[in-house]
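The values are calculated or read from the model by the stated rules, or taken from the named source; none is laboratory data. As the structure is a prediction and not an experimental result, all values here were calculated from the model. Cβ: placed from backbone, ideal geometry, glycine included. Neighbour counts: every protein chain shown. Surface accessibility is based on the protein's heavy atoms, side chains included, excluding ligands, DNA and RNA. Shrake-Rupley method; radii C 1.70, N 1.55, O 1.52, S 1.80 Å.
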Amino acid sequence: MKKNKINLNKRRFIKTLGISFLSFPFLKGVRANYRPKVVIIGGGFGGGSCLAHLQKFSNQFDIFLVEKNKYYYTCPYSNSVVGGFRSLKDNKFSLNNLKYNDVKLIYNEVKFIDSEKKIIKFSNNESLNYDWLVVSPGIDFKWDDIEGYNIETNKSLPHGWNGADAKIILDKVNSLEDNSTILLSAPDYPYRCPPAPYERASLIAYNLKKRGMRFKIIILDSKDSFTKKKLFLKAWNELYPDSFEWISRSQGGKVTKLDYKNKSLITETGQKFKGEFINIIPNQKKKNLFLNDNDNDWLEVNPSTFELRNHKSVHAVGDCINAGDMPKSAFSANSQAKVCAENLKNIILDKEILNPVFFNTCYSFASPNYVFSISSWYRVNKFDDKIVSLGTTESNINDNKLQRNVEVEHSKGWYQTITKEVFG
Amino acid sequence: MINLLTIPFFLCLLFLQKPVLSNIKDEISIKMIVNNCASCHLENNHSDLIPSFFEIEKEVFIKQMIDFQTINDDSIMHRITKVLNLEDIRALADYYYEKK
């Protein structure tokens with residue numbers, strides 16, 4: 001077995017548990033002969049970025065990464081698969097064993113975390129203890145918010161709000177006939193990647209237009225506005241004239257019921273919309289991993305250290321947390337993870353906690369050659385309890401085709417870099 | 001008697017005089033800013049679609065950062081640099097080029 005591919009067998013587990021158990025009562029700061037055990041759950045952009053940053057200290061810490069899946073399909077660029085101009089395999093990554101040869105990678109499914117006992121229980125009944133834990137498990141969905149829409153109906157009407165299901169959405173779009181109507185239900189805030197429902201609609205339109213089909217896309221929204229709205233509306237008008245209808249919540253856009261049999265969505269004002277393809281993106285909440293947890297939709301963290309408010313020595317980054325003004329995005333998760341790793345290292349080594357600063361950019365494709373973005377710097381407020389934006393800015397509404405194409409290159413460059421940084 | 005409207009006016013002036021990420025050496029560790037730059041500009045293994053500033057001279061880096069800041073074209077680099085002041089940019093340059 002390779003050193004970096006750890007499947008905990010019982011013997012190894014007992015040994016690991018025993019060493020840590022013996023060490024734990026004496027742990028205070030870091031002793032010369034003690035190596036703190038840091039476990040990261042989640043190998044996506046949050047957990048993976050944290051791992052990449054903490055790895056610099058692998059000579060001082062024992063670092064474990066726990067991930068359920070051997071392969072990871074990125075959410076960024078998943079809509080390009082739906083658009084038909086990118087292959088799903090281009091979004092497929094796994095943690096590079098060579099890059100992480102000093103990290104113990106464990107492929108197992110977490111059943112729950114007992115933060116009082118500092119133990120992670122796996123679905124196969126194995127366990128792993130930790131001194132410090134970082135979790136980045138991503139999101140779950142609120143299956144009860146839309147009548148008639150649940151985990152079962154999602155099998156035939158997938159939301160595709162993960163990287164892996166992009167090909168299923170593509171196949172459904174490819175099966176549409178001329179003059180189809182597409183219904184897209186956009187969720188209420190907060191949710192993973194705020195511009196993505198509108199990017200998805202844009203790239204479904206691109207796919208259909210490219211194949212010479214006529215279509216109508218109706219976006220039924222649970223909100224009264226959305227990020228980069230002016231830029232999207234302009235792009236739809238320029239690229240897909242008379243093909244889009246956006247219905248805000250106050251206009252009756254919030255979907256409350258799915259009539260699966262009649263391929264219809266019913267909104268809170270009683271309006272009924274019928275479509276050949278329905279894509280419901282459900283409201284979202286944290287993926288819960290804890291044995292004893294509250295019912296909050298999102299994990300509450302100290303924004304300087306990302307330590308959870310109600311689970312000591314457990315830190316969290318990425319889509320699962322309430323990050324104040326920061327949107328749930330891969331870029332945000334990456335930025336948070338670096339701060340988390342830096343200050344977790346400072347906590348373990350009993351050093352000063354550094355003031356964080358964060359940055360996020362979200363690029364959106366309206367077509368393969370038409371990209372615009374939104375970005376912001378963020379800091380922690382003076383009460384040290386919330387991440388606040390220093391002002392959001394977008395691409396210029398009057399940018400020409402060349403400038404939109406420059407942003408295509410920036411977007412691709414960012415994706416190449418961040419995936420190299422995280423996965424190796 | 002002070003007109004109440006003058007208070008927010010002077011507060012705005014104070015804010016405008018001081019770029020948001022100024023005094024990074026004292027307030028924010030330069031490392032924290034650099035970590036965000038690394039989302040696109042890795043020292044090694046970066047994308048061929050994004051220029052590497054590790055291959056240019058320190059003074060060129062400073063000039064380019066000031067140019068990004070000055071040319072108000074809503075480009076991504078303008079948006080990134082507009083919150084920095086000259087002291088911030090020099091601190092970034094020191095970090096990158098003294099590390100070399």
#### Entry: Condition check for A:Trp246: out of contact with any Pro (no Cβ under 9 Å at 6 or more places or on another chain), under 29 Å from A:Gly138 (Cα atoms) and aromatic (Phe, Trp, Tyr)
yes
### Query
From the list A:Leu265, A:Leu203, which residue is within 30 Å of A:Ser376 (Cβ to Cβ) and hydrophobic (A, V, I, L, M, F, W, C)?
A:Leu203
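Every residue, every condition in (1) surrounded by 21 or more Cβ atoms within 10 Å (Cβ to Cβ); (2) not in a loop (DSSP other than H, G, I, E, B), yes or no:
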residue: A:Arg86; (1), (2): no, no
residue: A:Asn96; (1), (2): no, no
residue: A:Val134; (1), (2): yes, yes
residue: A:Asp144; (1), (2): no, no
residue: A:Gly160; (1), (2): yes, no
residue: A:Asp178; (1), (2): no, no
residue: A:Thr181; (1), (2): no, yes
### Query
Given the residues A:Val406, A:Val380, which is the only one that is more than 7 Å from chain B (Cβ to nearest Cβ), farther than 26 Å from A:Gly48 by Cβ and open to solvent by 10 Å² or more (accessible area, probe 1.4 Å)?
A:Val406
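Every residue, every condition in (1) in contact with a Cys (Cβ under 8 Å, 6 or more places away or on another chain); (2) under 13 Å from A:Leu65 (Cα atoms), yes or no:
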site	(1), (2)
A:Ser94	no, yes
A:Asp102	no, yes
A:Leu128	no, yes
A:Val135	yes, yes
A:Ile139	yes, no
A:Trp143	no, no
A:Ser180	no, no
A:Ala186	no, no
A:Pro190	no, no
### Task
Can you work out which of the residues in the range A:383-399 that are open to solvent by 40 Å² or more (accessible area, probe 1.4 Å) and assigned to a loop (DSSP other than H, G, I, E, B) is nearest to the other protein chains (Cβ to nearest Cβ)?
A:Asn396
### Task
Within the range B:78-90, count every residue that is over 9 Å from the mean Cα position of the chain (by Cα) and surrounded by 20 or more Cβ atoms within 10 Å (Cβ to Cβ).
1
### Summary
For the range A:162-180, the count of residues that are among the basic types (Lys, Arg) and within 14 Å of A:Leu208 (Cβ to Cβ) equals 1
### Summary
Scanning the range A:274-303 for residues that are farther than 27 Å from A:Cys320 by Cα and either within 27 Å of the chain's Cα centre (by Cα) or surrounded by 21 or more Cβ atoms within 10 Å (Cβ to Cβ) (or both) gives A:Phe277
### Query
Are any of the residues in the range A:102-120 under 27 Å from B:Asn44 (Cα atoms) and surrounded by fewer than 17 Cβ atoms within 10 Å (Cβ to Cβ)?
yes
### Query
Just a yes or no: is a residue in the range A:342-354 of a type in the set (D, E, K, R), assigned by TED's automatic domain parsing to the domain that holds A:Asp131, open to solvent by 10 Å² or more (accessible area, probe 1.4 Å) and part of a strand (DSSP E or B)?
no
### Which listed residue is in a loop (DSSP other than H, G, I, E, B) and either modelled with pLDDT under 90 or open to solvent by less than 20 Å² (accessible area, probe 1.4 Å) (or both), from A:Leu22, A:Leu8, A:Leu17
A:Leu8
### Query
Within the range A:346-377, can you find the residues that are acidic (Asp, Glu) and within 13 Å of chain B (Cβ to nearest Cβ)?
A:Glu352
### Cβ pairs under 8 Å, 6+ apart, first in the range A:325-341 and within 10 Å of another protein chain (Cβ to nearest Cβ) and open to solvent by less than 10 Å² (accessible area, probe 1.4 Å), second among the aromatic types (Phe, Trp, Tyr) and part of a loop (DSSP other than H, G, I, E, B)
A:Val339/A:Phe306
